[in-house]
Structure formats: C-alpha cells, structure tokens
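Worksheet: one structure, shown below.
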Amino acid sequence: MAVEQLIVLLLLLVLVLGKAEPEKENDTLYSEEDPTNEMGPSEPPEVWREERAGHRMGSLSVCPCDLHPGYCDLNCCCDSRCGSECSMEGSMCPFSFCLPGSTRAVSRVCLEKSLLFRNNTPYFTEVVPDSSGCTLLFCVQLNNSKLNYFQKPQVITKENLPLLSAQYGRPSFILPEQTEPSSSSFYRVGDPIQIYFAASSVLSVLKQPASMFASRLCSDENPAGFLESKSTSCIRIFTNLTSKCTTDPALDAASYYRDFSVLKVPVNLTVFQPLQVKIIPVTVPASPILNGSTCYNVVSEVLYEVEFNGIHGIQNISVQFKVDNIYGNPKSILQQRFSLSFWNKNHSFTKWRSGNPGYISGVPLVALCNGTQQYVTILQTQDNGQCSEKRYRILFRENMRTACQFNASVKLEEANCSHLQESVYRAFQGPHNPGRLAITGNADASQPGEWNSIFTQRCTMQDGRCMIPISLEIQVIWAQVGLLSNPQAQILGARYLYICKPLKSLGTYMNMLPLTTTVAFTDVTKWPEPPRSQPRAYWKLPFDFFFPFKMALSGVGSSSGSQAGTLLVTLTLCGVLVS
Amino acid sequence: KRSSYAEQPSVRFLHEVLLVGLAEGGGSVGWSSFAACNRLLGARLRLPLVSAREEDVNQDGVMDLLHFRLELPLQSTEQILGVQLMLTFTYQLQRMSTFVMQSMAFLQSSSPVPGSRVIVSGDLRLRQRQPLGHCGLDDRYNVSVINGSSPFAQDYDLTNIVAAYQERNVTTVLSADAGPIWVVGRAPSDPFVIQATIHYPVELIVYQPGFWEMIKFAWIQYVSLLLIFFWICEKIKTFLFQNQVLDAVPVLPVSSVLTHKEHQS
C-alpha cells in the first residue's frame, strides 16, 4: 500500500514537472525563506549557493543587490559588508526587510494539497498556504540538476553569430534589408513616374504633394502613381512670406515643369537610355512677385494631364496652373491642389457613372436638366451664413439637412410677392432645375425610359396672402431590385415638397430669409418570403433540454418552439417505452 | 452558441513605430521606423532615440509587458501640444484555434499646455466582434497594419490606417484607464519624452465550440433525464403487468433463438 502511494505521488510530480505551463499555484517555484528548516535531511545548506553560482562564478558570489563594492548596500542581506547577521536571518540585522534575491531561495514544486491523499515519501515536504491564503499547497523541494539549472549556452564564434541571431532573432529596431523593386521595362499601375533632370543628370520621380499623417501640411516627397488619377490638396504655412515669396519653389509654377522631363518608360541605372517627354504648360504662368506684403502669382492648383499608351508608356504630358495672391504678415496659409489625370487616345477617364446599373451608396444623384446630365444639388452655406453660389451634391442614401440665409436684396415688406417667390424657388433649385431623376446610376440621357419625373409641389396662394417657401423637403423613394445575391438600388420616385409661410409671419431681419433643405431617402425594398426550411430571425432555438418545458410553462414561446418541444418530449418518451 | 476560455496571448512588439508630434502653430513633426515614410516627411522629420524592452516577469515563456521610451529632440522654440503614436505587435493565441494577427496600439493624447513628456501605462486588450473558431489556423489578420514598403503618403495617413484596422473583426486596443499623463514644462535643451508601459494581460476569449464539445453537454443532460424516466417507466410497466390492468397474453418462448424479454417474467 505504501509503495502504491509513493508511486501515485511521483506520478503527480512527473505530471506537474512535465507541464509546459505551470498553473497558478505552481508559480512559487522560487521563494525566499529560511533555509534551515527547509533543507532535506540529505542536503547541506551550501547546495543552493553552488547551484545558483553557475560554472564561471565562484560560490558565494551571487548577490544581485551588492552593487557598491566595499560598501554595505541598503537592505541587501547577502552583502558581506553588512555583516553575517543578516544573511543568517539573525536578530542583529539592522535592516527592516531584505531585498528580493538577497536571501536564500529554494526551488520548490507545489501543488494543491487536496489532490494528495497521503504522503509517505522519506524526503522533506511541507504544506504552506498560497499567496492568497485560501488554499494549502503541498510542496516538494526540487533536487534535479537538469531542472534546476539553465542549460549551458552555445559558444559564440564569428561564424555562428549571424546564424544564432537569425535563428533566435525577434523583431527589433534593426531594419530588415529592403529589396529594391525590380525595374520593369514599362510602367505598371501605381509605379512612380520617373523624371530626369538633364542639367544635373539626376533621376527622380514625379511628385504629387499631399497631406500625410493626421496633418494637412504638404509633404512634397509624395510620388505620383502611374494611372492613378487623383487629386490631393494640402496646406502650407508661411511665417515669413516676404522672404519665401520669390524663393520657395513650391510657390513658383516653373518648378512643376521646367528643368526636368518625364521618362516615357522607366529606366534602370545599368542601361541608361532615357526616353524623355517634355512637360508642356498650357499657358506659361508668371513667376511670383512680391509687392508690399502681398505675394502675387502663387501656385494654388496644378493639373497634370498625361496621355499614355499601354506598355509604351507616357506619350504626352501637359500641365495647367491656377494662381492666386496671398498676403498676411507674419503668418499666412496657402492651400494647394495637385491633380493628375491619365487618359488614353481611345478613352478618357473623365466621365463618371453613379453605379452600373444600380446606384452605389454615397455617390451623387443624377438628374436630367434640359437634356443634359447633371448632379442634383442643394443649397450650401458660406462662411457668413448666407447662401453660397456653390452647392452641395445629394449623395445616394445619405439623409441631409442644410440651411442658409437668403439675401432678398430688397426690403421684404416692399417686395413684389411673385417676384420674391420666384427668386426663392430658383435659389432652392439652383442653376440646373432637375426635371427628371435617373432611375439607375448608369442612365442614358437619350433613353427617356431610364428617367423618372420628379413631383414638385409648390405652394398655393391662401386668402391672397403672400406665401414664401422657406423649406424644401426632397423625398426620394428607392428600392433594391434584381437578384438577392447581387442587389441593385433603383430610385422609384422623388418629390420636391416646398413648405411655405406667409411673408407677414416671417420675423425677418435685414432682408434675410432662412432657407432649409432636407433630403430623406426611403427604402421600400420588398424582400422575398423566406422558404420554410430556413430559420427566421425571430425563431427561438432550443438550447437545452429544459427549454420546451420552460417555454411551455412561461407561455411566451412561439407556436413553432412549443411544437418542437412537444416533439422532443414525445420522442424521449417513445425512446424510453421502446427500450 | 458561444463559449469562452482564458489565455495569455503570446505578444511580441514588432518594433514598428509611427510618431506624430503636433506642434504649436499648426505644424507637426514626426518619425517612423519606415524609411519610405521618413523620406516623405522631409523637413518635418526628427530622429528620436527609441528604446524598447519586453519582459517575461513570471518566466513562463510568454512576454508580459513592454517598456517603450522615445526621446524626440526639439528646438528650443518648438513646443509639442499633442502626440499620436502607433506601435505594432504580433498577437498569437493557441489554446483552441491558432490565431495569429498583427495588431496595433494607438495612443493619441493632447494638452492645451505644451508638454515635456507623456507617460502612459495600459493594457493591450483584445476586441472581438465575432467569436474565434475552435480549431484550425486563423491568419486572416496576419497582415501588416502599416504598409511600410509603400512610397505613397496615403499609406501613412493615420485616418486610412485606423479605418482599415477597424474594419477587422478582431483587433487590439491600448486601454489606459487613467489616460496618458502629461508632464508640462520643458527645459529648452530637453527632448520630448514618451514613456509607455504596455501590459499583455490574460484575455477571456469568446469562441464557437465544436460539435463534440456541444454534444458532450447535451449527452449529459439527456442521460440524467433518461435514467429517471427509465426508472419511472419501468415501475409503471411492472405495475401494469403485475396487476393485470391491461389484457395481456403470456407467450412462452417457442425457440431458444427468440430474445428474452424482461416483462414476461
């Protein structure tokens, strides 16, 4: 019987030691306690020091807190300068506590005491409470030379150092070697476009300054990507405009096309035969001039137009500029816009669809105005709160609300009613009065069947009072049609509803009329009936055996749930009876 | 059906750093561990001293915390009002399904008063929008958070990086309940210091249990009831036949091939 118990204990120990991850209770592998009552009968007290000392260090030299040679380190109980009292836990020790690592530690393996029935090993064991104090731990002292020591590391030589560093290396600040992208004989989509400064024989890439990080400031080094037609905008802050005006190349149009040419196809440095294409400015702009504190002819927009021909690369490149005047002392801010548009002889990328065929969420709504395709727009407010010449586009599926102050330019009390009404209606509609709305995103202007008329509901005269439209509600009804797996959004109809108020009741101020526009999209999609076999969203599925009973008792279950429950109970009873 | 388990993830700092310092007057300075990004920064690039140390406190082979420190040199006239810091990690779980991803910790903090150092201490927490699997290898998100080889500025735009990261169903987030601590007042010669201590805590991971795991509990529930019903039915049967409530004809076994039925005894 005793032998069996020992075997059980050993088995448990083996299990614990063999585990890769020790459990929470076994974290006390290392503890600082008085060695005298912990040592087994067969072990001399010096064992620990020799164990921990390793091979190179002599015994008694391990004292991690003895950092001032020749002096006694505070609370360092193993420091020989502090006297032998502390290391022996004597009562004459002047320290209130010992630093971790300065007292003897014992390697122990512990497991919960409740797991053991009886202990009859001849070796020293003890029962200690764990750190939280709620469970008792049964601990055995570890005396296994394999487990108590770290394994001896390899000897490092010149040859195996890179190997070991590669094998054990973890991510670090040492940058991995970056492989240069292999140069191809033609541009691929997204490749930087190479440029060549003939005067200095320097190869570079065409830049498209853009904002980066979470800052709108221009980053001049951003390369332009081949075939990536896009426009970027960023700002430049000048604290000393008078000196920067004529010297900063970013303000001078010439720096965007002069002195360099674009390479038709990319080159590699080994076989250097650049096929250059000159950048042609549409109009030659003037250079910036400083007059007082104003800087004239500053570049505010750069537009490159690139003609390409497949793998034959860039055929033609032209540049247009918009210039502006900036002033401000000491600080002035300039916004610049940089656009690249690529086009081919066969087709251009300038025309956009709003979907093909169904509308895409977030794209502008298309309307037909006098036979031409236009985007539907609503009023936009400008910095002083008045209605702006610019207008917002209505984006598909985005409910919007905007308001602005309409300047009637005449005294409202003296205004001709019908004239005022007409000008407000015009302001709401914008320059292009949307007559018909495209049903799908790819509607063709020549196909009248692809356009829905907009129902416009203007105000009616009431008792001869002058009714002024102050609010426009645009209601768009749409639905998804087609395959369930590939739904296409269609606009079924739209209404422009004007809300009017009598002119007299408007508490107007300074000839201003506050105009509000709201846009509401309504989804009237009809979904197909789900087939019987597929579960519906509101079905409750039985999660445990008692579910049908619980549902039947509470009486809230749907009929299908209780049916399933009855079926389950019946089946159970049948099974029992048959057996 | 969902279950959960606890595991300490194996997290390693990838030593990828993206730092933006928002300077007074609308300007910004920055640094990243990507050469292409630093090229884009141009004059706004400041080369800092970075140090990182990962520690395995309980020596169980899994890293427990990261000490990160960054000293950004500044001119005496420059002042930092805000910082945005991105650190990336590899994050690995292995108890149920082996889940590997590259994740990030994003710290954004600002102060109305120019600061000299920011100290943050927090946890790298797991955010799950969907349960993980119970088996197999899941490396859907084992892709770089920041595309460090790209030469384009848009790939280093924080809004794009965060937007792409938040598309993921499993992410990590730096949760510092106390928030970053700003220390204000910088000596002109001192650098701006960011000090972060990021713990890798044990996570409760929600997962989808497999078929056998579900059937195990279903079986236990079934058997426990079956035994009761079996016993009751047996009693009823015995009662019915012993008291001859129903008409029953005893059939004697004709041949030994027939199975022996209990209720005939």
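The string of couplings for the stretch A:70-76 from the Karplus curve (6.51, -1.76, 1.60, θ = phi - 60°) is x, 10, 8, 7, 4, 6, 9 Hz, one whole number per residue in order, with x for Gly and Pro.
Return the Rg/Rh ratio of the stretch B:3-207 with Cα-based radii and a Kirkwood Rh.
Working: Rg = 17.8 Å, Rh = 17.9 Å.
My calculation of the ratio gives 0.99.
Would you mind getting me the FRET efficiency between A:VAL128 and B:SER121? Use the beta-carbon distance for r and R0 = 35 Å, nearest 0.05. Don't skip to the end; give the middle numbers.
On the way: r = 33 Å, r/R0 = 0.93.
So the FRET efficiency works out to roughly 0.60.
Looking at the stretch A:398-446, the GluC sites (Glu not before Pro) that sit in a DSSP loop and have at most 14 other Cβ atoms within 10 Å of their own Cβ are A:GLU398, A:GLU413, A:GLU414. Compactness of the stretch A:94-177 is given as radius of gyration and Dmax, 21.4, 61 Å, from Cα positions.
Among B:LEU18, B:LEU174, what's the order by accessible area (1.4 angstrom probe), most exposed first? All intermediate terms of the calculation are to be shown ahead of the outcome.
Working: B:LEU18 0, B:LEU174 30 Å².
Result, largest first: B:LEU174, B:LEU18.
Excluding A:VAL519 itself, calculate the net charge of residues whose Cβ lies under 9 Å from the Cβ of A:VAL519, where each Lys or Arg counts +1 and each Asp or Glu counts -1. Mind dumping the intermediate values first?
Values: positive: A:ARG401; negative: A:GLU398, A:GLU473.
Neighbourhood net charge equals -1.
Are there residues in the stretch B:1-44 whose accessible area shrinks by at least 50 Å² when all protein chains are included rather than the chain by itself, and which are they (probe 1.4 Å, ligands and nucleic acids not counted)? Flagged in the stretch B:1-44: B:ARG12, B:HIS15, B:LEU40, B:ARG44. Taking amide H atoms as placed 1.01 Å from N in the peptide plane, the amide H of B:PHE192 lies under 5 Å from those of B:LEU72, B:LEU74, each 5 or more residues away in sequence or on another chain. Across the stretch B:161-171, coupling constants 3J(HN,Hα) worked out from phi with the 6.51/-1.76/1.60 Karplus curve, θ = phi - 60°, read 5, 5, 5, 5, 5, 6, 5, 5, 8, 10, 9 Hz, and Gly and Pro carry x. Pairing chains A and B buries close to 3200 square angstrom of accessible surface in total, based on protein heavy atoms and a 1.4 angstrom probe. Sorted largest first by accessible area at a 1.4 angstrom probe radius, with every protein chain in place, the residues A:THR242, A:THR232, B:THR77 fall in the order B:THR77, A:THR242, A:THR232.
Scalar couplings 3J(HN,Hα) for the stretch B:146-158, obtained by applying the Karplus form with A = 6.51, B = -1.76, C = 1.60 to θ = phi - 60°, are 10, 7, x, 9, 6, x, 8, 5, 5, 6, 10, 6, 4 Hz; x denotes Gly and Pro.
Could you work out the relative contact order of chain B? I mean the mean sequence separation of Cα pairs under 8 Å and 6+ apart, divided by the number of residues, in percent.
Numbers: 506 pairs, mean separation 64.5, N = 265.
Relative contact order of chain B: 24 percent.
Between 0 and 90 degrees, the angle of helix B:211-242 with respect to the longest Cα principal axis of chain B falls at about 20 degrees.
Taking only alpha carbon atoms, the stretch B:120-265 gives an Rg to Rh ratio of 1.44, where Rh is the Kirkwood radius. Hey, rough spin-label estimate for B:ALA163 and A:LEU164, points 7 angstrom out along Cα→Cβ, what's it come to in nanometres? It is 4.9 nm.
Solvent-accessible area per residue in the stretch B:3-207 equals 42 Å², computed with a 1.4 angstrom probe and all protein chains kept. For A:ILE279, the residues whose amide H sits under 5 Å from its own are A:VAL262, ignoring neighbours fewer than 5 places away on the same chain, with H placed 1.01 Å from N. For the stretch A:188-290, the alpha-carbon coordinates run over 45, 32, 26 Å along the three principal axes, in decreasing order. Paramagnetic label reach from B:VAL202 (point 7 Å along Cα→Cβ; backbone nitrogen cut-off under 19 Å): within the stretch B:55-73, residues B:55-66. Taking Cβ atoms as reference points and 12 Å as the exclusive limit, the residues near A:VAL299 contribute a net charge of -1, counting Lys and Arg as +1 and Asp and Glu as -1.
Pairs over the 24 Å Cα-Cα cut-off, from the set A:LYS207/A:LYS230; A:LYS113/A:LYS152; A:LYS278/A:LYS322; A:LYS244/A:LYS264: A:LYS113/A:LYS152; A:LYS244/A:LYS264.
Near B:ASP60, no amide H atom lies under 5 Å from its own; only residues 5 or more places off or on other chains count, and H is placed 1.01 Å from N.
Each Cα pair of the stretch B:1-76 feeds into the Kirkwood radius, which the Stokes-Einstein equation turns, at 25 °C and 0.890 mPa s, into a diffusion coefficient of 160 µm²/s.
Write down the Kirkwood hydrodynamic radius of the stretch A:215-263, to one decimal in angstroms, obtained as one divided by the mean of 1/r over all alpha carbon pairs.
Values: mean 1/r = 0.0762 Å⁻¹.
Taking every pair of different Cα atoms in the stretch A:215-263, averaging 1/r and inverting gives 13.1 Å.
Residues B:ASP60, B:ASP177 ordered from highest to lowest accessible area at a 1.4 Å probe: B:ASP177, B:ASP60. Over the stretch A:432-518, Cα pairs under 8 Å with separation of 6+ residues give a relative contact order of 32 percent.
Other residues within the sphere of radius under 11 Å centred on the Cβ of B:VAL20, judged by their own Cβ, net out at +1 (K and R +1, D and E -1).
The values are calculated or read from the model by the stated rules, or taken from the named source; none is laboratory data. This is a predicted model, so every value here is computed, not measured. Neighbour counts are summed over all protein chains in view; Cβ atoms, including those assigned to glycine, are modelled from backbone coordinates with ideal geometry. Only protein heavy atoms, including side chains, enter the accessible area calculation; ligands, DNA and RNA are left aside. Shrake-Rupley method; radii C 1.70, N 1.55, O 1.52, S 1.80 Å.
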